[in-house]
Amino acid sequence: MSEWPSVGVILPARDRPGQLNAALAAVLAQDYPGRLRAAVIYDRSKPGLAENGRVRVLTNTRTAGLAGARNTGVLALDTDLIAFCDDDDQWLPGKLRAQVTALRERPGAEMASCGIIVECRGRSTRRLVGRDEVTYDDLLRSRMMMVHSSTYVLRRGPLLDRIGLFDETIPGSHAEDWDLALRVARRHPIAFVDQPLVRVFWSNTSYFSQQWEGQAEALQWMLRRHPDIGRSRAGVARVYGQLAFAYACLGRRDDASLWARRALLSNWHERRVPFALAVAAGLVSGDTVLRVLHSRGHGI
């Protein structure tokens, strides 16, 4: 990487043309010295853009969902680096140059991430790490939402040969980005640019916002696929708390109570448990809890 490597940016798209156009414009506006190309991958929707010299337009030919769409893009591009941006997020100026610089300064690193700004209901919240790397243990202890899929920049060679593509067997493509980040960080720490360089928009247009059954299945898939999560009492309690909340939103009180109890046994002050129990008891709706948390830049 003595010269600026070529970068291919993959934007999975699904029925959000206005947001997609804004996301793509922000990618192409990057002041990056190397070759930059974008690939828009339409997933379960008809293409609405035309190709040009800098943009490829493809249809997801693999498993329906984000994992298959992203893998379609990875396999279609031949650039040195692969980056990702969701169709409802936006890169900020300097994002790509800063992350590629971080990778160049860390020859062993295979992935770079960066801070984000969460935009929700007119409120902006910065989410940073406070240091220049994210380790495997960090990601076992916490999902670390600032290590967001729209920040990912990876070396394409290791992604294909050693790390592996996004796993398309994960239910509903929920948590597929956390799964990949864990596999990367298990090999080498993730280089982190501790600046807010991506705007992440949270709204009711998210296709994952209320798919509780799929999220619960994916979380249990993660526990089976990554048993090391159980090494961290705080980390496994967090997942148990999320499961309790998901089942509470589904109206499955017994399951919610079971996972809440497991969460408390692992970490008695796991903060998701009170929310889950309140929803299970009918004291508040899951939508209300999420609306309040999201307005403060936090998720469940």
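Against the main long axis of the alpha-carbon atoms of the chain, helix 17-28 sits at an angle near 50°. Directionally averaged projected area (the chain, Cα convex hull): 14.6 nm².
Can you tell me the FRET efficiency between residue 121 and residue 142 if r is taken as the Cβ-Cβ distance and R0 is 22 Å, rounded to the nearest 0.05? Computed FRET efficiency for residue 121 and residue 142: 0.35. Across the chain, the longest piece that holds none of the GluC sites (Glu not before Pro) lying in DSSP loops with up to 13 other C-beta atoms within 10 Å covers 52-300. Distance between the modelled labels on residue 169 and residue 135, one decimal in nanometres: 3.0 nm (7 Å Cα→Cβ projection).
Equivalent-ellipsoid semi-axes for the range 79-148 (Cα gyration tensor, √(5λ), whole Å, largest first): 21, 17, 11. The label-point distance for residue 258 and residue 54, in a model that sets each label 7 Å from Cα toward Cβ, rounds to 5.3 nm.
Think of the range 212-295 as a dipole: +1 on every Lys or Arg Cβ, -1 on every Asp or Glu Cβ, centred on the Cα centre; then among 281, 247, 267, 267 lies furthest on the positive end. With the simple spin-label model, which puts each label point 7 Å out from Cα in the Cβ direction, the residue 187 to residue 21 separation comes to 3.9 nm. To test your reading of the geometry: what angle, between 0 and 90 degrees and rounded to tens, separates the Cα axis of helix 212-225 from the longest principal axis of the chain? The answer is roughly 80 degrees. Within the range 194-300, the trypsin sites (Lys or Arg not before Pro) that combine a DSSP coil assignment with at most 13 other C-beta atoms in a 10 angstrom radius are 271, 296. Taking every Cα-Cα distance in the range 1-119 and sorting them into 5 Å bins starting at zero, the pair-distance distribution P(r) comes out as 2, 12, 22, 24, 20, 13, 6, 1, 0 percent. Along its principal axes, the range 177-300 has C-alpha extents of 43, 32, 25 angstrom, given from the largest down. Near residue 110, the amide H atoms lying under 5 Å from its own belong to 191; only residues 5 or more places off or on other chains count, and H is placed 1.01 Å from N.
If the range 91-213 were replaced by its equivalent ellipsoid, with semi-axes equal to the square roots of 5 times the Cα gyration tensor eigenvalues, what would those be, largest first, whole Å?
23, 20, 12
Under a model in which nothing but the beta-carbon of Lys, Arg (+1) and Asp, Glu (-1) is charged, the chain shows a dipole of about 500 debye around its Cα centre.
Exposure proxy ranking for 15, 177, based on other Cβ atoms within 10 angstrom of each Cβ and starting from the fewest, stands as 15, 177. One chain, two ends: residue 224 and residue 101. Fully extended at 0.36 nm per residue, the span grows by 40.7 nm beyond their Cα-Cα distance.
Read-outs: derived from the displayed coordinates by stated rules, not from any lab. Note that this is a predicted model, so its numbers are computed, not measured. In this analysis, Cβ positions are derived from the backbone assuming ideal geometry, glycine residues included, and neighbour counts consider all displayed protein chains.
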